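Student: Would you mind keeping the following structure in view while I ask a few things?
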Amino acid sequence: MTETFDIPRLIELRKLTRSISDNLQTQLKNYLATLAPLFSPMPLLGEHVRGGSKSLVKGAEKNFQDLRSRYHAIARQAPYSLDTELTSPLDVFTATPSLTPVEYAYTADRNGQGTQLTVTSPLKWVLSYPETQPKRLLELLKGNRSQVRDELSHALLQCLTLNLVLEKQAGLTALLKDLRFTISSTQLDGLGPLPILLISCPIATRLPPDDIIIQNTEISGIPSFEEIINIHDIQNLSDPLRERILEITQVTSPAIQEEISAG
């Protein structure tokens, strides 16, 4: 069924989108705060982290060399062009990851005329250690390179460290998935090959037709827009645990499965 859009409909969908986004973001922040110790690089890097454990950590040397290779591969090419050598111990801090709504540039078209906008995806967030969000990296890249070199190097290292933690701590990614939040990776304009981590929920957001977007920006006078929730995703939400239990029941006891289905 084709969805009909007008400004009143847009206002109603935006109100719902923001309520759901606020609720889920608060919930996700609480999850991240509880799981904060698992985001620490110390169990992976051991003595290679300044102030880290002095006892032997299995795999620490291999993990350090892996992180070092990743850092040099990205830092030494555009747009970073850093010649900083990564040496042990590393000054990487442990902190609860922060959330930043995803933003991207978009051109809305009406009768062949384009309107440049910044669009926000309110149910998808960049996952990063504090002060290493994409906007901060872009600010550093625009600054005086000699003055911000160390800060840029540190921010780049923090980003790659979080990537390493999530790759090596497979159980952490699986746990977040069970909580209905999925982690993925992307690259953003202006940040070269640096992998940026995203975390999202099972409900997507989308853009209405360009005419509605342009009407909205003409009313607000602000060249920005927030995606709206896809209500069909709400209708199609499923319970993975229920589905898994039903699969087990079907294999183990088809008779009981029939009882459940009949009920």
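The values are calculated or read from the model by the stated rules, or taken from the named source; none is laboratory data. Worth saying up front: this structure is predicted, and the values here are computed from it rather than measured. Using ideal geometry, Cβ is built from the backbone for each residue, glycine included, and neighbour counts are taken over all protein chains shown. All accessible areas refer to the heavy atoms of the entire protein, side chains included, with ligands and DNA or RNA removed. Shrake-Rupley method; radii C 1.70, N 1.55, O 1.52, S 1.80 Å.
Student: Need a quick list: helices (runs of 4 or more DSSP H) entirely within the range 1-109 having at least 1 residues that are closer than 23 Å to Thr186 by Cα and among the β-branched types (Val, Ile, Thr). Walk me through how you get there before you give the answer.
Tutor: Details: elements: 7-34, 42-45, 60-75.
Helices (runs of 4 or more DSSP H) meeting the threshold: 60-75.
Student: When you go through (1) within 20 Å of Ile20 (Cβ to Cβ); (2) crowded, with 16+ Cβ neighbours inside 10 Å one by one for Arg206, which number turns out not to apply?
Tutor: (2)
Student: Output the residues belonging to the range 89-108 that are surrounded by 14 or more Cβ atoms within 10 Å (Cβ to Cβ) and more than 23 Å from Ile183 (Cα to Cα).
Tutor: Scanning the range 89-108 gives Pro89, Leu90, Tyr106, Ala108.
Student: Go through the residues of the range 191-202 one by one and say whether even a single one is closer than 30 Å to Thr17 by Cα, of a type in the set (Ser, Thr, Tyr) and in contact (Cβ under 8 Å) with a residue 60 or more places away in the chain.
Tutor: yes
Student: Among all residue pairs at least 6 apart or on different chains, which show Cβ distances below 7 Å where the first residue, located in the range 231-244, is among the polar types (S, T, N, Q) and the second is surrounded by fewer than 10 Cβ atoms within 10 Å (Cβ to Cβ) and at pLDDT 90 or above?
Tutor: So the pair list comes out empty.
Student: Tell me whether the range 131-150 contains one or more residues that are small (Gly, Ala, Ser) and loosely packed, with under 15 Cβ neighbours inside 10 Å.
Tutor: Here is the first cut: in the range 131-150, the ones small (Gly, Ala, Ser) are 143, 146.
Next cut, loosely packed, with under 15 Cβ neighbours inside 10 Å only: 143, 146.
Yes: one or more hits.
Student: Out of all the residues in the range 171-188, is one or more of a type in the set (A, V, I, L, M, F, W, C), in contact with a Pro (Cβ under 8 Å, 6 or more places away or on another chain) and surrounded by fewer than 19 Cβ atoms within 10 Å (Cβ to Cβ)? Lay out the reasoning, then the answer.
Tutor: First, the residues of the range 171-188 that are of a type in the set (A, V, I, L, M, F, W, C): 172, 174-176, 179, 181, 183, 188.
Now narrow it down to the ones that are in contact with a Pro (Cβ under 8 Å, 6 or more places away or on another chain): 188.
In the following step, the residues that additionally are surrounded by fewer than 19 Cβ atoms within 10 Å (Cβ to Cβ) were identified as 188.
Yes: the range 171-188 contains one or more residues that are of a type in the set (A, V, I, L, M, F, W, C), in contact with a Pro (Cβ under 8 Å, 6 or more places away or on another chain) and surrounded by fewer than 19 Cβ atoms within 10 Å (Cβ to Cβ).
Student: In addition: Among the residues of the range 209-241, write down those that are more than 16 Å from Pro8 (Cα to Cα), in a helix (DSSP H, G or I) and open to solvent by 70 Å² or more (accessible area, probe 1.4 Å).
Tutor: Those that are more than 16 Å from Pro8 (Cα to Cα), in a helix (DSSP H, G or I) and open to solvent by 70 Å² or more (accessible area, probe 1.4 Å): Gln235, Leu241.
Student: Now a separate question. If a residue has to be out of contact with any helix residue (DSSP H, G or I) (no Cβ under 8 Å at 6 or more places or on another chain) and under 20 Å from Asp150 (Cβ atoms) to count, how many in the range 40-82 make the cut?
Tutor: Step one: of the range 40-82, the residues out of contact with any helix residue (DSSP H, G or I) (no Cβ under 8 Å at 6 or more places or on another chain) are 42-43, 50-51, 58, 62, 65, 68-69, 72-73, 76-78.
Still in the running and under 20 Å from Asp150 (Cβ atoms): 50-51, 68, 72-73, 76-78.
Number of matching residues: 8.
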